[in-house]
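To keep things clear, I will list the structure first and then write my remarks on it.
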Amino acid sequence: MKITKESTEHVKCLIIGSGPAGYTAAIYAARADLKPVLYTGIEPGGQLTQTTDVENFPGYPNGILGPDMMDEFKEQAERFGTQVRFGYASKVDFSDDVHKVEIDGSTVISADSVIIATGASAKWLGLPSEDKYSGFGVSACAVCDGFFYKGQEVAIVGAGDTAAEEATYLAKICSKVHMLVRRDEFRASKTMENRVLNTANIEIHYHTETKEVLGDGQVVTGVKVFNNQTMEEKVLDVTGFFVAIGHKPNTDIFKGFLEMDANGYIITQPDSTATNIKGVFASGDVQDSVYRQAVTAAGTGCMAALEAERYLAGIEQYEQSEQTQSAV
């Protein structure tokens, strides 16, 4: 859908989203004198702001807290001249050579190049009771909300690295953590699985799915689960219910313009961050359904900035050539 409003500002390089991909792209773009403008999105810093210790990012031998890491990324991007602004992209129009992006449903910015780094959002189970008690006992961020359940029993759904990490985090705060695993095994790495297995106050419920989140109308009081082998139901008396079952790429506003796979991940050209639209590049989790790591997101952010720089240099050379020919 075309954006009919006139743009109020024009920039060389517009970066949509923060996190490792967005901030790395900003660092490289700023150093290349592209004068990038970066909009953080509604979750500044991305998923890492919901993470405790980041132990596998090079350069941090003792680890670092996710929010602290993103603060450092932001500071470095701003040091080289990136304009970091709070706001989210509500609509895009990539139908012309100069791309338009609507910010916060009102302001329109045009850009010669756009780097998409909107990341991914947490998936939910889709239960009405889950939605009812969201923010009142139901959460997708143990780091954000775990403190409120200090000394209490909680449950967490999931079997991947995120679920394992959040379960061990909650175990340090809560009296007991019930980990609900749909199959008879983890999907997490062996390192994370072993951490869970070696944490005394984590009880693993294999073959277990959530049927309903229970509450008193105001807050969570329990969760009804069933065993998908025996089909037996039981109620776990918990006051907190955490969901850690994966993420969905934040790409809805780009539908109709950018090519995507069946799961909504943006398709980029081989060994590139270039999309099917000239001047539009995608980096981080929006185009990575395989690795989804902070370090790989940062790497693609670097690639996107370098490719944007080359793309813009090509435009400038073309314009200079056109001006020369016109003067002859």
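Read-outs throughout are calculated quantities, based only on the coordinates presented, and are distinct from any laboratory measurement. Since the structure is predicted, the reported quantities are computational estimates derived from the model, not experimental observations. Cβ sites come from the backbone with ideal geometry, for glycine too, and all protein chains shown count toward neighbours.
Listing for the model above:
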quantity: From the coordinates shown, mean projected area of the Cα convex hull in nm² corresponds to which of (i) 26.4; (ii) 17.7; (iii) 19.4; calculated: (iii)
quantity: Nonlocal Lys pairs with alpha-carbon distance under 28 Å, the stretch 87-189 (8 or more apart, or different chains); calculated: 11
quantity: Cα centroid separation, the stretch 270-307 to the stretch 94-143 (Å); calculated: 18
quantity: Residue among VAL219, ALA164, LEU236 farthest towards the positive dipole end of the stretch 128-243, charges placed on Cβ; calculated: ALA164
quantity: Size of charge dipole - the chain - debye, nearest 20, with Cβ of Lys, Arg +1 and Asp, Glu -1, no other charges; calculated: 300
quantity: Mean Cβ count within 10 Å, highest first, over the residues of peptides 263-275, 32-44; calculated: 32-44, 263-275
quantity: Ranked list, fewest to most other Cβ atoms within 10 Å of each Cβ, for ASP71, ASP252; calculated: ASP252, ASP71
quantity: Between the stretch 148-217 and the stretch 41-72, the alpha-carbon center distance in angstrom; calculated: 22
quantity: Peptide ranges 224-234, 143-153 listed from the most packed, as the mean C-beta count within 10 angstrom indicates; calculated: 143-153, 224-234
